[in-house]
Amino acid sequence: MIGLKSLLTALAMAAAVLLSAIPSVSQESAQNSLTTNGGQKVEVSGELSLVSKTDGDKEEDAYLDELIDITPELLSSIAIALVGYWISQSINKSQQQASKATAEAQIEAANIRAENQVQLQRGELTGKLMEHLTSSDRTTRELAVVALRESVSPEIYEPIVSILAKSDRDGNVRAAAIRELGTSQNQAIARQLNAIGRDETRSESERRLAMSSASAVSLSSDVPTNTAIITATSWGEHAYEVAELDGGVFTYFLLKSFNEWRSKEKGTLYLKDLFRSLERQMKIYRADSRPTLFVEGNSKIPIAGDEAHYTGLEALVIGIDKYASYPLENLSYCRSDAEKVTKTLESLTVPDKNIQSVYDEEATARTLSSHLSKLAHSGKEGGLFIVYFAGHSFLSFEGELGLVTHDWKPDTREGFIPVSTIKSAFDQSRSSTRLLILDTDNAATVERQFQKA
């Protein structure tokens, strides 16, 4: 849009162009010339003399007179044109702004109508699903349990499904509800599932499922940002130690996947790629043993290579074969697996490594808690914090998953490190990336829990 300043500038330029076309008369010649009443010019140069105008002079005078006559009209026309253009542009801009505002209002109104329609449909669907939850048909109730998740918030969904998991008359419906609750990240749900798992009036399969689901919720709840957790098994499955591999299946293929990348050493090894290789190789070796990966925050975590620019490494590596108390059976390869992990971490090209390795009798609850606290406070910004554990795990009465230490006491349930303690250490650390690796047998832990009941 042309403003007032621009308009005045344009007029001044036009006037300058027009005036420059008028031949100038010097001050000196003006002072030395006179014009008679008869139209003759008299030059004064010591003597007075009369000089008659030539035809060319007369034409030039006529041209100047004509130019002087039309200049005001021309400038006026230019001014009017420019003002008209300015007004036109102002109107156009106002119309464009009004059109844009109208379009935005229409879009907003359409979005509101669409959202209201979705809410209406969701409300109708929720009403139907709630009716299905009270249906006498078992299959209908099972489907309603799964479908209801998509139509209501977790704050509404979880209490409803918890009721079904506790009190539905059909075991299949209860099992469906328990599986759905296993995807929660609410520690209160873990406690409810744990209570179901300890209910001796239920079938063993239902109790197993509830305890495994409680472990899953406990592990995935309240995880700090930029933290990844890898477990050796899915919930309710066994982790295996195999003599021909000279170690646990999980750790063997975890290190194998890493060493295969290292032999090529191209680009960056990301955690998700490492996990895919681990998952594929474990599936080939044992189809009934599947690792799990949970990531809170950035899923593209570099482990080694070009993009792994960590300022430091804080690591606690734990391997426990020997346990002091019955009925925990001793294991065979947890310590050797932990030693292999330690060597691998030491080989990483990361400056300022602080790796604490603790095995068997040294791995008490007090010692491990102390190491966690120290590592948490020594972490550096931009650093990597890793905790690796190979041994038994345990689900407390509060529904919290814990790592069983060497000095575990079955009567008092003392001698284990809650996973929440490790999460707190991660949260307190200045390290930018945190990784928890658990080579522990969830299914076996549940079995031993039943034997103790």
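Of the strands (runs of 3 or more DSSP E) entirely within the stretch 289-343, those holding at least 2 residues that are open to solvent by 10 Å² or more (accessible area, probe 1.4 Å) occupy 292-296, 302-305. Taking the criterion of being in contact with a Leu (Cβ under 7 Å, 6 or more places away or on another chain) and either open to solvent by less than 40 Å² (accessible area, probe 1.4 Å) or of a type outside the set (Ser, Thr, Tyr) (or both), the residues of the stretch 237-281 that qualify are Glu241, Phe253, Leu254, Ser257, Phe258, Trp261, Phe275, Leu278. Remark: Thr292 matches the filter, which requires a residue to be within 24 Å of the chain's Cα centre (by Cα) and among the β-branched types (Val, Ile, Thr).
For the stretch 88-193, the helices (runs of 4 or more DSSP H) that sit wholly inside it and include 3 or more residues that are at pLDDT 80 or above and surrounded by fewer than 14 Cβ atoms within 10 Å (Cβ to Cβ) are 154-167. Within the stretch 413-421, does at least one residue satisfy the condition of being touching a Phe, Trp or Tyr at 6+ places or on another chain (Cβ under 8 Å), closer than 25 Å to Leu254 by Cα and modelled with pLDDT of 90 or more? Scanning the stretch 413-421 turns up no residue that is touching a Phe, Trp or Tyr at 6+ places or on another chain (Cβ under 8 Å), closer than 25 Å to Leu254 by Cα and modelled with pLDDT of 90 or more. Within the stretch 347-401, restricting attention to residues that are part of a loop (DSSP other than H, G, I, E, B) and closer than 21 Å to Gly319 by Cβ, the residue that is most open to solvent (accessible area, probe 1.4 Å) is Ser347. The residue that is farthest from the chain's Cα centre (by Cα), counting only those in the stretch 218-235 that are at pLDDT below 85 and buried (at least 24 other Cβ atoms within 10 Å of the Cβ), is Thr233.
Among the residues of the stretch 197-215, those that are assigned to a helix (DSSP H, G or I), farther than 14 Å from Asn172 by Cβ and open to solvent by 40 Å² or more (accessible area, probe 1.4 Å) comprise Glu204, Arg208. When Ile284 is tested against the conditions (1) open to solvent by less than 50 Å² (accessible area, probe 1.4 Å); (2) aliphatic (A, V, I, L, M); (3) more than 18 Å from Ser396 (Cβ to Cβ); (4) assigned to a helix (DSSP H, G or I), the lone failure is (1). Restricting the first member to the stretch 263-292 and to residues that are in contact (Cβ under 8 Å) with a residue 24 or more places away in the chain and of a type in the set (A, V, I, L, M, F, W, C), and the second to residues that are open to solvent by 40 Å² or more (accessible area, probe 1.4 Å) and in a strand (DSSP E or B), the beta-carbon pairs closer than 6 Å and six or more apart or on different chains are Phe275/Leu293.
When residues in the stretch 248-273 are screened for being at negative phi, not in a helix (DSSP H, G or I) and not hydrophobic (A, V, I, L, M, F, W, C), 4 of them pass.
The values are calculated or read from the model by the stated rules, or taken from the named source; none is laboratory data. All figures in this text were calculated on a predicted structure; none of them were measured in a lab. Using ideal geometry, Cβ is built from the backbone for each residue, glycine included, and neighbour counts are taken over all protein chains shown. Heads up: the accessible areas ignore ligands, DNA and RNA and are worked out on the full protein's heavy atoms, side chains in. Shrake-Rupley method; radii C 1.70, N 1.55, O 1.52, S 1.80 Å.
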